[in-house]
1. Using Cβ contacts closer than 10 Å as the measure, can you line up Ile20, Ile62 from fewest to most?
2. How far apart, in nanometres, would the label points at Ser22 and Val146 be if each is projected 7 angstrom from Cα along the Cα-to-Cβ direction?
3. Picking from Gln106, Cys18, Ala71, whose Cα lies most toward the positive end of the charge dipole for the chain (charges on Cβ: Lys, Arg +1; Asp, Glu -1)?
4. Counting other C-beta atoms within 10 Å, which of Tyr148, Tyr31 has the fewest, and how do the rest follow?
5. To make sure I understand, if each residue's beta carbon is the centre and we count other beta carbons within 10 Å, what order do Val37, Val138, Val92 fall in, fewest to most?
6. Calculate the spin-label point distance for Ile42 paired with Arg77, positioning each point 7 Å from the Cα along the beta-carbon direction, and give it in nanometres.
7. Along the Cα→Cβ direction, 7 angstrom out, place labels at Leu87 and Arg154. What is the inter-label distance in nm?
8. Calculated from DSSP H runs of 4 or more alone, at -39500 (n - 2.57) each and per residue, what is the 222 nm mean residue ellipticity of the chain, nearest 500?
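FYI, it's all coordinate maths here, none of it is from the lab. In this text the structure is predicted, and so the values were computed from the model without any measurement. Positions of Cβ are backbone-derived with ideal geometry, glycine not excepted, and every protein chain shown enters the neighbour counts.
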Amino acid sequence: MTRVTEEEGCVLRECVFCEIVSGELPADHVYEDDHTVAFMDINPATFGHLLVVPRTHVADVISAEPHDWLAVADTARRMAVWVAGGLKAHGVDLLQCNTDGTVGHQTVFHLHLHVLPRYEQDQLGAWWTQETTDPSEVTEAARQLVDYGRRAERR
Ligand code: AMP
Ligand code: ZN
């Protein structure tokens, strides 16, 4: 198994997507370029469900450098075109999960973006149910975000 050295703290650990990027672990590859690799998800949610990852190991979008994220987003856009044209999908959802381990859903801690082709008969449904809430809560969330953003970007 490949061992990946984390930049921070030099912790040694294994990463299944690094192994796919290096070719050590087989996968159904669809596309690759200098910065990203796209391959089929081993447990697809719909026909053609694939993943786009950066070649560089980074855990999630929060710790990613902008250029890694932009490269992943660019390849995902290309894959969206491919699944719409090549698989005749009627839609495509792009999903990217991050978690600190307490809530949320991320099982592989190498940044990846799901490209999910959508079909009339697929079982996925909507990603959330819309809820009405007190408009002041929405405004309060916006206030907290802007406040955080101003402080964080000043550093
Ligand atoms: P997430 O839950 O958002 O972290 O997604 C991780 C995804 O990686 C899941 O949809 C898994 O099915 C997929 N996955 C895990 N191991 C492999 C593998 N060896 N090859 C392809 N896909 C994988
Ligand atoms: Zn990795």
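1. Fewest-to-most Cβ neighbours within 10 Å comes out as Ile62, Ile20.
2. Placing both labels 7 Å beyond Cα along the Cβ direction yields 4.8 nm.
3. Ala71
4. Tyr148, Tyr31
5. Val138, Val92, Val37
6. Output for this residue pair reads 3.2 nm.
7. 4.6
8. Numbers: 3 runs with 48 residues, N = 155.
Result for the chain: -10500 deg cm²/dmol, rounded to the nearest 500.
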